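Scroll down for the structure; my scribbles are underneath it.
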Amino acid sequence: MTILDVLTVPNPVLSQKCDPVTVFDKELQQLIDDMFETMNDSKGIGLAAPQVGVLMQLFICKTETDRVVAINPKLEYLGDELESEEGCLSIPNILAVVDRRSQVKLTAKDVNGKEFSRVYDDLMAIVIQHEFDHLVGKLITDCPLEIKNVEGDI
Ligand code: NI
């Protein structure tokens, strides 16, 4: 596996919309493996393909209890509105408070091209919303409720 370079702002790739994945092959599996390696190395809990320069509708997330690979995802926003304080591997030294929902229903394809649909709550619901936004070129600094500079703290 390979640790990939994570693009940071103001790289314009981070603001672009991603295209659907149409080919589910060994190369795609390799990209996903490399993304997990990269995310773990950066101590992140989510990573979207455009962050490693690949404009594909693909993201991964990992919490202590769960792991998600989502390809060509669709999201249904459920649950309560909440304010979430988030960082992003592509925006070093910044935490942003953004509007999220407490629950989402994710419908996506897995690495084999098989569709799945599942409801997520709590931290995983929030990470999924964050990564989903990356696929449409939306960052936590685009319309934040608050921005905190944490340079030196993390
Ligand atoms: Ni991010």
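Some observations on this one:
- Test for LEU82: is it surrounded by 14 or more Cβ atoms within 10 Å (Cβ to Cβ), in contact with a strand residue (DSSP E or B) (Cβ under 6 Å, 6 or more places away or on another chain) and free of Cβ contacts under 8 Å to residues at least 60 places away in the same chain: no
- The set of residues in region 1-17 that are under 17 Å from GLN30 (Cβ atoms) and polar (S, T, N, Q) contains only THR2.
- Failed condition for THR63, given (1) in contact with a helix residue (DSSP H, G or I) (Cβ under 9 Å, 6 or more places away or on another chain); (2) modelled with pLDDT of 95 or more; (3) not charged (D, E, K, R): (2)
- Filter result for LEU123 (within 16 Å of the ligand (Cβ to nearest atom) and either farther than 24 Å from GLY53 by Cβ or in contact with a Gly (Cβ under 6 Å, 6 or more places away or on another chain) (or both)): yes
- Residues considered: VAL136, VAL98. Of these, the only one that is away from the ligand (no atom under 12 Å from the Cβ), of a type outside the set (Asp, Glu) and touching a residue at least 40 places away in the same chain (Cβ under 8 Å) is VAL136.
- Criterion: within 15 Å of ASP133 (Cα to Cα) and aromatic (Phe, Trp, Tyr) - qualifying residue of TYR120, TYR77: TYR77
- Test for VAL23: is it under 14 Å from the mean Cα position of the chain (by Cα), modelled with pLDDT of 95 or more and of a type outside the set (Lys, Arg): no
- Residue pairs whose Cβ atoms lie under 7 Å apart, separated by 6 or more positions or on different chains, with the first residue in region 47-66 and in contact (Cβ under 8 Å) with a residue 60 or more places away in the chain and under 16 Å from LYS109 (Cβ atoms) and the second within 15 Å of the ligand (Cβ to nearest atom) and β-branched (Val, Ile, Thr), are ILE60/VAL68; CYS61/ILE45; CYS61/VAL68; CYS61/VAL127; CYS61/ILE128.
- Hits in region 100-128 (condition: in contact with a Leu (Cβ under 7 Å, 6 or more places away or on another chain) and either among the charged types (D, E, K, R) or assigned to a helix (DSSP H, G or I) (or both)): ARG100, ARG101, LYS105, ARG118, ILE128
The values are calculated or read from the model by the stated rules, or taken from the named source; none is laboratory data. If you're wondering where the values come from, they're calculated on a predicted model, not measured in any experiment. Glycine also receives a Cβ, built like all others from the backbone with ideal geometry; neighbour counts cover every protein chain displayed.
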